[in-house]
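Engineer: Can you keep this structure in mind? I'll have questions shortly.
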Amino acid sequence: MGLLGPNGAGKTTTIRMIMDIIEPDGGSISFGNNGLGPTSKKKIGYLPEERGLYEDATAGDVLKYLGTLKGLGKRTARDKAQKWLQKMNLPGEEETKISELSKGMAQKVQFIAAILHEPELAILDEPFAGLDPVNQDLFRELIRDLRESGTTILLSSHRMNMVEELCERVFMIHRGKEILYGKLSKLKENFGKEVVELTYIGNPETIPNTFGTNITDLEIGKGRAKFYIEKGYSPDRFIRELPEEIKVEEISVRKPPLHDIFVAKAQGGPHE
Amino acid sequence: MNSDLLKVARWEFIQNLKSKTFLILTVVIPIIIVVIGFVPNFLAFRGDQAPVTLYVKDNAGIYEELKRKVEALDQSEVKLKLATESEDSLRAQAKEKEIDGYFLLEESLTDYQRDPVRLYSNLDKKEQLSRAGKVLSQVLTKLVGAKSLSESGYDPGKIFSLTKPIGFTPVKLEEESRSIGQFILPFGIAIMIVLASMFQGSMVMIGIGKEKTNRIVEIVLSSIDAFDMIAGKLLGYAGLGLAQVTIWGTAGIIVLTQIVNVPLGGVSPFQGLYFFCYFVLGYLMIASLYALLGASAKDIQSSSQTRGIFVLIPLIPIYFSAAIVNNPDALWVKLVSFFPPFTPTMMLLRSAFSQVSPWEILLSIFLLAGFTYLMVRAATKVFRVGMLMYGKNMSIKEIIRWARGGLL
């Protein structure tokens, strides 16, 4: 599930409350059929947005320690840490101090710490922040593997493409309140509009600015145009009303990207 | 005990034991303190130990006998040499400190029983000259006495053996059974609580402040309870404190028994147990105060600025140690020693200089343990609230409000 919201919406605060780092002023949080407690904490993995590890300790020691805090035995934690370091392209780094690792490497170690104990729920707060494209792909694949192996993932990220690729459901908050929740496909369905993108040949200045109430948010560029149409309407009217000198080369109608839904909901924009 | 708490304690103990800071605080700083504190005194003491060499202008003809008897004594205060030059020359040399000093012995030695022998010297070692004078006086008195007795027809050997001096040595009944160890150990532990809690306490504060700023705490708190984290941390540092004190204590005992030759004597298991309790609890209490400070400050720098006040707490009884030593059984001393922040140092000082009844020891340990537990609870609450306050120091009022919240 993707946890979305504009900056300051309360995503990290929500996560910190789930992780029992801060206490909620009201309400309750439950895990499975029980309230949050020491037992449930051991079943959850957490990658915080603000990264930090024990700088003077070695990667192996840190992973072993954090693994044992999650309930693993010392030997199991060590073996699993070794396996994960291999998988993350960090073989032989067990004895390297965290302070001597690059930022990306340290981030990998922190990711391992979050999932070493094979949690039932993994909460990942901005896992892609600060990663290069290669490592972003690596993390995306790892998250996908985790999902396939049965771990529930709560992913908080501003990278809408990643959320779209990895999440089945989305929960969006704004100023601490829920504004959107549901299956991603359903949300797109319910958004009520579709995106039309076309490429054309001709002078853009000859294209009129309005095409009736069913066509909104028209953006005209050189050789390209984009607009929204009410769901169920055909873009034919737009094409018919174009001047003769405009030749449409290609047209696509698709469901709106998550990015657009996010912007619309966050800004209370034109599509609400 | 909770296993999460022990895991944190173990981690903190091992990680810090391996750190350079621990090595410096445990080995280097005490060495510097010992060097600065003791070496000048030691050198001064050693300087005084060389015997003074005095020249004897002997007109009485007893130099050889005097010298032999002085050398026969087990003393290192004075050596004698026969002066062959004139008195004026001796005076001039003594004035210029070319010689340590000199004295004249006239023919009629019995005159000195009325008028003392004058020992001329220009040295500043007044104490040592006085000790040298006492040695010479003892030998000469016997020598002249023996001569006078012989001349009067008595047997000096018999007379001396019949008139041997009778001495008096004060023995305090209560202290008959107290060995030096029973005095040094509690006093030493009191001092070590102060030193160890000052060193490690600031490490606790820095450690907690650091976790707060680099956010490792989020990962730890997402796995275990906040109380276990803070209490585990404090316990880990208490372990470090114990390791530190063991190192210092062992070094101290070796110095006392092997180098200075002070017999320490035994300590009963009950004494050993309560020394240990006072140390661990006293240490945890001070460390929890530091933890509270670290948790409430926005960063390490600002917590370091206010830590002076906390350093003073275990030091206060040390300031009053003279008053406690003079009257360890005074009512005010007894009452104040039940006030938990002062309990460890006060009780240890009291037990160093007096007999403290077991009920007082047990009650004070109980109160101290309760107070320490509450302090850890308060530090936990302040820490959890402090986590939310990015880049902001808590005011004293806020600390008290949140700490109280942690206790209810």
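Engineer: Output the residue which, of all residues in segment B:200-227 that are farther than 15 Å from B:Ala297 by Cβ and hydroxyl-bearing (Ser, Thr, Tyr), is surrounded by the fewest Cβ atoms within 10 Å (Cβ to Cβ).
Structural biologist: So the residue we want is B:Ser222.
Engineer: Between a first residue in segment A:27-45 that is among the polar types (S, T, N, Q) and a second residue that is assigned to a strand (DSSP E or B), which pairs have beta carbons less than 7 Å apart while being 6 or more apart in sequence or on different chains?
Structural biologist: These pairs meet every condition: A:Ser28/A:Gly35; A:Ser40/A:Phe31; A:Ser40/A:Asn34.
Engineer: On to the next question. If you go through segment A:239-270 one residue at a time, how many are within 30 Å of A:Gly5 (Cβ to Cβ) and open to solvent by 70 Å² or more (accessible area, probe 1.4 Å)?
Structural biologist: Final tally of qualifying residues: 6.
Engineer: Going through B:Ile361, B:Ile365, B:Ile313, B:Ile309 one at a time, which residue ends up being open to solvent by less than 70 Å² (accessible area, probe 1.4 Å), of a type in the set (Val, Ile, Thr), assigned to a helix (DSSP H, G or I) and at pLDDT below 75?
Structural biologist: From the options B:Ile361, B:Ile365, B:Ile313, B:Ile309, the qualifying one is B:Ile313.
Engineer: Still on this structure: Please work out if A:Lys74 is within 11 Å of chain B (Cβ to nearest Cβ) and open to solvent by 70 Å² or more (accessible area, probe 1.4 Å).
Structural biologist: So A:Lys74 passes the test.
Engineer: Which residue, of A:Val163, A:Val195, is within 12 Å of the chain's Cα centre (by Cα) and within 30 Å of A:Glu230 (Cα to Cα)?
Structural biologist: It is A:Val163.
Engineer: Six or more apart or on different chains, Cβ atoms under 7 Å: show the pairs whose first residue is in segment B:106-129 and open to solvent by 50 Å² or more (accessible area, probe 1.4 Å) and whose second is small (Gly, Ala, Ser) and not in a helix (DSSP H, G or I).
Structural biologist: B:Glu106/B:Ala60; B:Glu107/B:Ala60; B:Leu119/B:Gly101; B:Tyr120/B:Gly101
Engineer: Between a first residue in segment B:153-165 that is within 16 Å of B:Thr141 (Cβ to Cβ) and a second residue that is of a type outside the set (Gly, Ala, Ser) and surrounded by 10 or more Cβ atoms within 10 Å (Cβ to Cβ), which pairs have beta carbons less than 9 Å apart while being 6 or more apart in sequence or on different chains?
Structural biologist: Cβ pairs passing all conditions: B:Pro156/B:Lys142; B:Pro156/B:Lys147; B:Pro156/B:Leu149; B:Ile159/B:Leu149; B:Phe160/B:Lys142; B:Phe160/B:Leu149.
Engineer: Sticking with this structure for a sec: Please go through segment B:228-244 and give me each residue that is in contact with a Gly (Cβ under 9 Å, 6 or more places away or on another chain) and either open to solvent by 10 Å² or more (accessible area, probe 1.4 Å) or of a type in the set (Ser, Thr, Tyr) (or both), ordered by number.
Structural biologist: Within segment B:228-244, B:Tyr237 is the sole residue that qualifies.
Engineer: Then there's this: Kindly provide the set of residues from segment B:316-356 that are of a type in the set (Ser, Thr, Tyr) and open to solvent by less than 50 Å² (accessible area, probe 1.4 Å), ordered by number.
Structural biologist: Across segment B:316-356, the qualifying residues are B:Ser321, B:Ser337, B:Thr343, B:Thr345, B:Ser351, B:Ser354.
Engineer: Could you list, in sequence order, all residues of segment B:1-23 that are open to solvent by 30 Å² or more (accessible area, probe 1.4 Å) and either closer than 23 Å to B:Tyr373 by Cβ or not polar (S, T, N, Q) (or both)?
Structural biologist: Listed by number, the residues that qualify are B:Met1, B:Asn2, B:Ser3, B:Leu6, B:Lys7, B:Arg10, B:Phe13, B:Ile14, B:Leu17, B:Lys18, B:Lys20, B:Leu23.
Engineer: Which ones in segment A:29-47 are at the interface with chain B (Cβ under 8 Å from one of its Cβ atoms) and under 22 Å from the mean Cα position of the chain (by Cα)?
Structural biologist: Hits for segment A:29-47 are A:Ile44, A:Tyr46.
Engineer: Within the group A:Asp137, A:Asp125, which residue is of a type in the set (D, E, K, R), out of contact with any Phe, Trp or Tyr (no Cβ under 7 Å at 6 or more places or on another chain) and surrounded by 18 or more Cβ atoms within 10 Å (Cβ to Cβ)?
Structural biologist: Residue meeting the stated conditions: A:Asp125.
Engineer: Of these, A:Glu50, A:Glu23, A:Glu93, A:Glu55, which one is more than 14 Å from every other protein chain (Cβ to nearest Cβ) and in a loop (DSSP other than H, G, I, E, B)?
Structural biologist: A:Glu93
Engineer: Considering every residue within segment B:80-97, establish whether at least one is under 30 Å from B:Ser152 (Cα atoms), modelled with pLDDT of 90 or more and surrounded by 16 or more Cβ atoms within 10 Å (Cβ to Cβ).
Structural biologist: Taking every residue of segment B:80-97 in turn, at least one turns out to be under 30 Å from B:Ser152 (Cα atoms), modelled with pLDDT of 90 or more and surrounded by 16 or more Cβ atoms within 10 Å (Cβ to Cβ).
Engineer: Pairs needed: first member in segment B:62-82, among the β-branched types (Val, Ile, Thr); second member anywhere, in a helix (DSSP H, G or I) and open to solvent by less than 90 Å² (accessible area, probe 1.4 Å); C-beta distance under 6 Å; at least 6 residues apart or different chains.
Structural biologist: These pairs meet every condition: B:Val70/B:Val139; B:Val78/B:Ala132; B:Val78/B:Val135.
Engineer: What is the number of the single condition among (1) more than 9 Å from chain B (Cβ to nearest Cβ); (2) free of Cβ contacts under 8 Å to residues at least 40 places away in the same chain; (3) farther than 30 Å from B:Lys20 by Cα; (4) part of a loop (DSSP other than H, G, I, E, B) that A:Ala9 does not meet?
Structural biologist: Of the numbered conditions (1) more than 9 Å from chain B (Cβ to nearest Cβ); (2) free of Cβ contacts under 8 Å to residues at least 40 places away in the same chain; (3) farther than 30 Å from B:Lys20 by Cα; (4) part of a loop (DSSP other than H, G, I, E, B), the odd one out for A:Ala9 is (2).
Engineer: On to the next question. Exactly one of these conditions fails for B:Lys57: (1) among the basic types (Lys, Arg); (2) part of a loop (DSSP other than H, G, I, E, B); (3) open to solvent by less than 50 Å² (accessible area, probe 1.4 Å). Give me its number.
Structural biologist: So B:Lys57 meets the others, but not (2).
Engineer: Among the residues of segment B:341-357, is there at least one that is farther than 17 Å from B:Pro186 by Cβ and not in a helix (DSSP H, G or I)?
Structural biologist: Yes; the residues of segment B:341-357 include at least one that is farther than 17 Å from B:Pro186 by Cβ and not in a helix (DSSP H, G or I).
Engineer: Having 1 or more residues that are charged (D, E, K, R) and loosely packed, with under 12 Cβ neighbours inside 10 Å is the bar; report the strands (runs of 3 or more DSSP E) wholly within segment A:166-206 that clear it.
Structural biologist: A:177-183
Engineer: Failed condition for A:Leu66, given (1) more than 8 Å from chain B (Cβ to nearest Cβ); (2) aliphatic (A, V, I, L, M); (3) closer than 22 Å to B:Ile216 by Cβ, with all others met?
Structural biologist: (1)
Engineer: Just to be sure, is A:Ser157 farther than 20 Å from A:Ser252 by Cα, hydroxyl-bearing (Ser, Thr, Tyr) and in contact (Cβ under 8 Å) with a residue 60 or more places away in the chain?
Structural biologist: yes
Engineer: When residues of segment A:102-149 are filtered for being farther than 27 Å from A:Gly71 by Cα, in a loop (DSSP other than H, G, I, E, B) and within 14 Å of chain B (Cβ to nearest Cβ), how many remain?
Structural biologist: Result for segment A:102-149: 1.
Engineer: List, please: which pairs have Cβ atoms under 6 Å, are six or more places apart or on different chains, and start with a residue in segment B:202-228 that is more than 7 Å from every other protein chain (Cβ to nearest Cβ) and end with one that is of a type in the set (Asp, Glu) and crowded, with 20+ Cβ neighbours inside 10 Å?
Structural biologist: B:Val217/B:Glu211; B:Asp228/B:Asp4
The values are calculated or read from the model by the stated rules, or taken from the named source; none is laboratory data. As the structure is a computational prediction, the values presented were derived from the model and not from experiment. Heads up, the Cβs are rebuilt from the backbone with ideal geometry, glycines too, and the neighbour counts pull from every protein chain shown. Protein only, heavy atoms only, side chains kept; ligands, DNA and RNA dropped before computing areas. Shrake-Rupley method; radii C 1.70, N 1.55, O 1.52, S 1.80 Å.
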